Amino acid sequence: MPGIPLVSRETSSCSRSTEQMCHEDSRLRISEEEEIAAEESLAAYCKPVELYNIIQRRAIRNPLFLQRCLHYKIEAKHKRRIQMTVFLSGAIDAGVQTQKLFPLYILLARLVSPKPVAEYSAVYRFSRACILTGGLGVDGVSQAQANFLLPDMNRLALEAKSGSLAILFISFAGAQNSQFGIDSGKIHSGNIGGHCLWSKIPLQSLYASWQKSPNMDLGQRVDTVSLVEMQPCFIKLKSMSEEKCVSIQVPSNPLTSSSPQQVQVTISAEEVGSTEKSPYSSFSYNDISSSSLLQIIRLRTGNVVFNYRYYNNKLQKTEVTEDFSCPFCLVKCASFKGLRYHLPSTHDLLNFEFWVTEEFQAVNVSLKTETMISKVNEDDVDPKQQTFFFSSKKFRRRRQKSQVRSSRQGPHLGLGCEVLDKTDDAHSVRSEKSRIPPGKHYERIGGAESGQRVPPGTSPADVQSCGDPDYVQSIAGSTMLQFAKTRKISIERSDLRNRSLLQKRQFFHSHRAQPMALEQVLSDRDSEDEVDDDVADFEDRRMLDDFVDVTKDEKQMMHMWNSFVRKQRVLADGHIPWACEAFSRLHGPIMVRTPHLIWCWRVFMVKLWNHGLLDARTMNNCNTFLEQLQI
Amino acid sequence: MSKITLGNESIVGSLTPSNKKSYKVTNRIQEGKKPLYAVVFNFLDARFFDVFVTAGGNRITLYNCLGDGAISALQSYADEDKEESFYTVSWACGVNGNPYVAAGGVKGIIRVIDVNSETIHKSLVGHGDSVNEIRTQPLKPQLVITASKDESVRLWNVETGICILIFAGAGGHRYEVLSVDFHPSDIYRFASCGMDTTIKIWSMKEFWTYVEKSFTWTDDPSKFPTKFVQFPVFTASIHTNYVDCNRWFGDFILSKSVDNEILLWEPQLKENSPGEGASDVLLRYPVPMCDIWFIKFSCDLHLSSVAIGNQEGKVYVWDLKSCPPVLITKLSHNQSKSVIRQTAMSVDGSTILACCEDGTIWRWDVITK
C-alpha cells in the first residue's frame, strides 16, 4: 500500500490516545495457525486495492474534473507569497501632529523613469492606493493599516535588485494646498494635482532586512520599524485606464516647505502559503526512530493515519499519508473533510470510520464483508482479466429480483425453490430439469392458471384454493424468512407441488402436437428439437438420387458424409479436421472393403485441403489410419 | 411440378342427359337447421351397405336406408363441445371388424366412434386446425387419413389412436388441404389436394414399417415415433383454383376445382425420379352452377358413375364408363334449392343421397322399368 508503513502494531507501545483510537486490545496472543488465518484475511485487501490501482492508472491521463479542480485549488493555496502590513506605529504618541497627516495615502508603486523628466523628479505607477484615516475616519470607518501582497522571497529578490519598487506615503493634510482645493477623495479619479507631503521607503531596504531575519522563511512574522520624513512636494495624478501614475515634483527650493514631519512606520511581513509551518518539515524521515516519527507525523496537519482492520477486526496495519492524500489513489483531498467525502464515494468496497482528535486525524478502514468476502474469495480470477468483476454483485441482486417477479407472472413452475435455494446445488439442478422450458411445449388447456405460482411453505390444498395472485404474493413475502429454517422440508413439498401443477395441465409435443403423457412431461428427455435422422437420411438419399452424372459410390460417399455431418453437427470450418478423422474412424472398415469409396473419400479430403479447410497433417493421419485398416 | 402435355385434347362431355337411368325423389329428411357437410354410405362392411352417416353441426347421425324410400335413424351422437362443427365423416373398422365412424371438423379433433358399443373409441388430437376430409384405407380399414387446414395430412391408426405419419413440410401443401383419397390398389399411395391448387401424390412405402409398428404399439400413443414426410412423389397443377375434391379412378384421378367441372386425368410419374412427371387431362365432366368450394362428389363402389350436387340443389350424375362422357341424368326438384355439399351413392348406384346446407337430406332412387 502506498504511504509510509508503520510497524504492524501490537498496540501496547502506543500512547493512551492511540490505544483509544484502536479501541480493542490487539495484544491478544495468536497462535501460528491464527497467524496464517490473519495473513489470509489481510490478503483480502489485495483485490480491492488492486482494482483501485487499475482505476487510478487509467485516470492518470484523464483525471476526473472534480479532482482537477481540487488540484488547482490546492496549488493556489500553497503558492508562497509575502503578506506585508504597513501601519503608523508612532501615531498615538505623536499626537496632533501625526493626526494632521491623515488621511494618509500609502501606495506600492513602481518607478517608471528613473531619470527626472522635465519638471517632475519622478513618475511612479501604481494600481491601488490605501488610505489610512487614523483614529476617526471621515465616514466613521477607521482604517489603521494597509495590506499588500508581495511575491515570495526568491522572486522579490529580482524586484529588490532593480530598485524600482517603493512604498510611497502621500499626505495632503500638512501641505498648503488650499488654492487648488484638492478634494482628497478625488485622488482616485481624474487627473488632478496639488501640493502635498510625501515620503518613500524603497523595497530594496525592506528586502535586505527580511533577508537577514532567520525565521522569515519558516513563516514567522518580521516587523521592521522605520522613521520616514514627510517632505513637501507637488504631485500630479494621471489615470489612464487600469494604470495610474503619480508624478512627483520636489521643489528646488526647500524653504518653501514648512518643517518636515517625521512619522514612525511599522512594516510587518509574513510569508504565507508554504505547505508546512512545522519545523519538522525540513527533516527527512530517515534518521528518526519510528516511535518519534509517529509523534512527528501527527504534528503535521495534512497527515492522516489509516488503520486497516483485518482478521475480524482483531488486528490492524497502520500507515500514514501526507497532505490528506487518499492511500489508494493518492489523490490529495485538501482537507480531512475532503478525504471524508472522497473515500466513501470513490472506494465503496471498503468501510471507513473517521476519527478526529486534537492530536491526529485517523481513518479506520475495514473490508465490507457482505460484498467482499463472498465475491473476492469466490474464485481466483485475476482482476486484471476481469476488471468489471465487482459490479456483478449489483446485477446479481437485480436479476434475482426480476427472477422472483417473473416467476410470479410467468409459468416457471420450478422457480420458487430455485431462487431461494442457492446453496443447495444438487436440488437446484434437479428442479431446473423438471422445469418446463416455455419454448418447447405449448399448452392449450388451462391458460388462465399460468399466472398462479406456488408460494413456498403452503400446502397443495392452499394452492388450489387461492386463485388470487395478490394473495399469493403476500404469502410469498411473509414466508421468505422462515423458509431458510424449513428448507429441507419445503424442497420436497415444493417438488410435489410442481408435480401436481404439471399434472393438472395437458402438455403437447411441439412438432407432432400429440398430447404428452405425464411421464414425458416429467422426464428429462426432450427430443422435440432433434432432427429425425431416419427421415433426413431418406430425404438426403432421394435428393442424391436426382443426380445423373454421379456414380453410385460417389452418391454413397456423399450420403455418408451428409448424414455424418448432420448427426455430429459439424457446422464451422474449424470442425472439419476433427470431422475428417472421426469419419475415417467411423466408416474406415466399410470404406476399406470398397476401394471405390476410399478413393472418393480421399478425393473429397483433397478438395477440403484445396479450400484450406483441412490441414495436411490431419489428412495424413486419416490416410495412415485407413492404410492400417487395409493391411 | 408436372406439365399438361399437349397434343392430347381432353374430351368434354355433353350436358344433354342420356337418361339411361332415371331417379325420383323418394324421401326428404330435415335433420336440423344446421348445414350438413357430409353424407357417406358404408362400403367397408357388406353387412351394412345400406347404412349411411351424416355430419353437420356438432352432430353425427347414422341412418338405415330401407326399401320403398324409407329411412330410419339408427344412432345420433352430439359432441359435448357446442362449438364443434363437423365437416367430414368416414367409416372405418376395428381390427376385430367393429364398424367405426371417424368424424372431424372445425375443432381439429377427430372423434372415433365405436358404433357397436355406441361410445367414443378414440379422440385423435394433433391437427392444429380444422379437419376438412377424412378417408379410410379400404384395404386396411384401421388406417385413416385426414386433410387439415393446418396444411398437413396425417395418417392415423384408429385402433390404437396413433398418429403414424405427418405429410407436411418442404414439399407439402402451402395452404389448406381440402381433400385426400387412398389409392384403391396401391396401399402405400394416396392423393391430396387443397387450396394451393395442387394435387399431390404421396408414397408411404419407405415408412411402412412405422405403419406396421402402429398396430403392435402397446405403449402410450404419444410416445410413438411419428415421422414427418416432407416430399410427395408427384405434384400436379392442373387446376388454377382451389381443388376441393379428388378421388382415384384406377390409376387416374378425378378432381374438381371451382370451375364447374370435374376432370379425369392421368398422373404420369417417372419411375426413378420422384417429384417429376407430367399429367394428362383426359375427360371433362361439366357441372353447371358449381363454382363455390367445398362441394364434393361421390361414386358408387364399382366406380361406374359419379354424382355431384351444385349450388342450386341439382344433382348431376355422370357415367364414368363411357367416352366421350355421358351425362346419365340431372336430378332436380322444385323444393331442392339449397347448396348440396356432398352426395352419396349406394354400392350399386341405385340410391343417391344429397345433403344440403339447409340441413335436409334428399333420397333419390332409381326408377326400375
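Residues of B:221-234, mean number of Cβ from any other protein chain within 10 Å of their own Cβ, rounded to a whole number?
On the way: counts 3, 10, 6, 2, 4, 6, 5, 6, 3, 5, 5, 0, 1, 0.
Mean number of neighbouring Cβ atoms from other chains: 4.
Length gain on complete extension for the stretch A:His596 to A:Ser345, per 0.36 nm per residue less the alpha carbon to alpha carbon distance?
Additional length available on full extension: 82.8 nm.
For A:Asn62 and A:Gln262, FRET efficiency with R0 = 60 Å and r from the beta-carbon atoms, rounded to 0.05?
Rounded to the nearest 0.05, the efficiency is 0.45.
Projected area of the stretch B:73-206, taken from the Cα convex hull and averaged over every viewing direction, in nm²?
8.3 nm²
Which order do the peptides A:67-78, B:220-231 take when ranked by the mean count of other beta-carbon atoms within 10 Å per residue, highest first? Provide the component values of the computation, followed by the final result.
On the way: A:67-78: 12.7, B:220-231: 19.2.
So the peptides A:67-78, B:220-231, ranked by packing, come out B:220-231, A:67-78.
How much accessible area is lost when chains A and B come together, counting both sides, with a 1.4 Å probe, in Å² rounded to the nearest 100?
1700 Å²
Note down the nm distance, to one decimal, between modelled labels 7 Å out along Cα→Cβ at B:Arg28 and at A:Thr357.
11.8 nm
Report B:His121's accessible area, 1.4 Å probe, all protein chains in place, as a number in Å² to the nearest 10.
50 Å²
Taking every pair of distinct Cα atoms and averaging 1/r, then inverting, what Kirkwood hydrodynamic radius in Å comes out for the stretch A:533-630?
Working: mean 1/r = 0.0721 Å⁻¹.
This gives a value of 13.9 Å.
Simple spin-label model, 7 Å along Cα-to-Cβ: B:Ser10 to A:Ser523 in nm?
Each label point is offset 7 Å from its Cα along the Cβ direction, giving 4.9 nm.
In nanometres, what is the gap between the two model label sites at A:Lys314 and B:Asp45, each 7 Å from Cα along Cα-to-Cβ?
Spacing of the two 7 Å Cα→Cβ label points: 9.1 nm.
Using only the alpha carbons of chain B, determine the length spanned along each of the three principal axes and report them from longest to shortest in whole angstroms.
Per principal axis, max minus min of the Cα coordinates gives 56, 55, 34 Å.
Just the number please: accessible area per residue for chain B, 1.4 Å probe, all protein chains included, in Å².
38 Å²
Looking only at other chains, what is the average number of their beta-carbon atoms within 10 angstrom of each beta-carbon in A:506-516?
5
Take the alpha carbon atoms of the stretch B:143-205, find their center, do the same for the stretch A:533-591, and report the distance between the two centers in whole angstrom.
30 Å
If the chain between A:Gln628 and A:His511 were fully stretched, how many nm would it gain, using 0.36 nm times the residue separation less the Cα-Cα distance? Walk me through the intermediate numbers first.
Working: separation 117, 0.36 × 117 = 42.12 nm, distance 4.51 nm.
Stretched fully, the A:Gln628-A:His511 segment lengthens by 37.6 nm.
The values are calculated or read from the model by the stated rules, or taken from the named source; none is laboratory data. What you see is a predicted model; the values in this text were computed from it and never measured. With ideal geometry, Cβ positions are generated from the backbone for all residues, glycine too; neighbour counts draw on all protein chains shown. Just so you know, the surface numbers come from the protein's heavy atoms only, side chains and all, with ligands and any DNA or RNA stripped out. Shrake-Rupley method; radii C 1.70, N 1.55, O 1.52, S 1.80 Å.
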